[in-house]
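The values are calculated or read from the model by the stated rules, or taken from the named source; none is laboratory data. The structure presented is a predicted model; accordingly, all values stated were derived computationally and were not measured. Cβ coordinates were reconstructed from backbone atoms using ideal geometry, including for glycine residues, and neighbour counts include every protein chain displayed. Ligands, DNA and RNA are excluded from the accessible area calculation, which covers all protein heavy atoms including side chains. Shrake-Rupley method; radii C 1.70, N 1.55, O 1.52, S 1.80 Å.
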Amino acid sequence: MSDYIPIDCNFYDELVLLSMRKTRVVFVPNKFEVPEDDYIIDLITEPSKEEFMVMKSGIRIRLDEITTASDNIIFLKAGEDFFGDEEE
C-alpha cells in the first residue's frame, strides 16, 4: 500500500488553474531540478491513487511533496539532509 497523503481539494484546484493558464512555476527548493521556464501540463492520478503534477519538461512530482504555493512559487518538502552541512 502506498504512503501517499492526498492534498486538500482547494489546493488541487489552485494547481489546476496554474496548469490551465500554463503559468511558469518556480520550485523552492528545486530538488527535482525543474527548468526555470517549466509549467504544469497535467495533473494525473495513478491506479495506486497517488496524484502527480506533470511538467512540460516531463518531470513528474507527487502532489504530497508540495507544502504550499503562492502565486507561481511552489514550495516543496525538504528534509535537513537536502541542504547538507554548511561550513562556517
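Scanning the range 25-42 for residues that are modelled with pLDDT of 95 or more, over 16 Å from residue 66 (Cα atoms) and not aliphatic (A, V, I, L, M) turns up 35, 38. When the test is whether a residue is of a type outside the set (Lys, Arg) and modelled with pLDDT under 95, residue 81 passes it.
Here is a yes/no grid of residues against (1) of a type in the set (Gly, Ala, Ser); (2) in contact (Cβ under 8 Å) with a residue 24 or more places away in the chain:
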{"residue": "38", "(1), (2)": "no, no"}
{"residue": "58", "(1), (2)": "yes, no"}
{"residue": "63", "(1), (2)": "no, yes"}
{"residue": "77", "(1), (2)": "no, no"}
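Sort out which residues of the range 1-37 are part of a loop (DSSP other than H, G, I, E, B) and either under 24 Å from residue 47 (Cα atoms) or open to solvent by 100 Å² or more (accessible area, probe 1.4 Å) (or both), and write them in order of number. 1, 2, 3, 4, 5, 6, 7, 8, 22, 32, 33, 36, listed by residue number. Only one of the numbered conditions (1) at pLDDT below 95; (2) outside any strand (DSSP E or B) is violated by residue 69, and that is (2).
Listed by first and then second residue, the pairs with beta-carbon distance under 7 Å, at least 6 apart or on different chains, first residue in the range 4-30 and without any contact (Cβ under 8 Å) to a residue 40 or more places away in the chain, second open to solvent by less than 80 Å² (accessible area, probe 1.4 Å), are 16/43; 19/40; 19/42; 19/43; 22/39.
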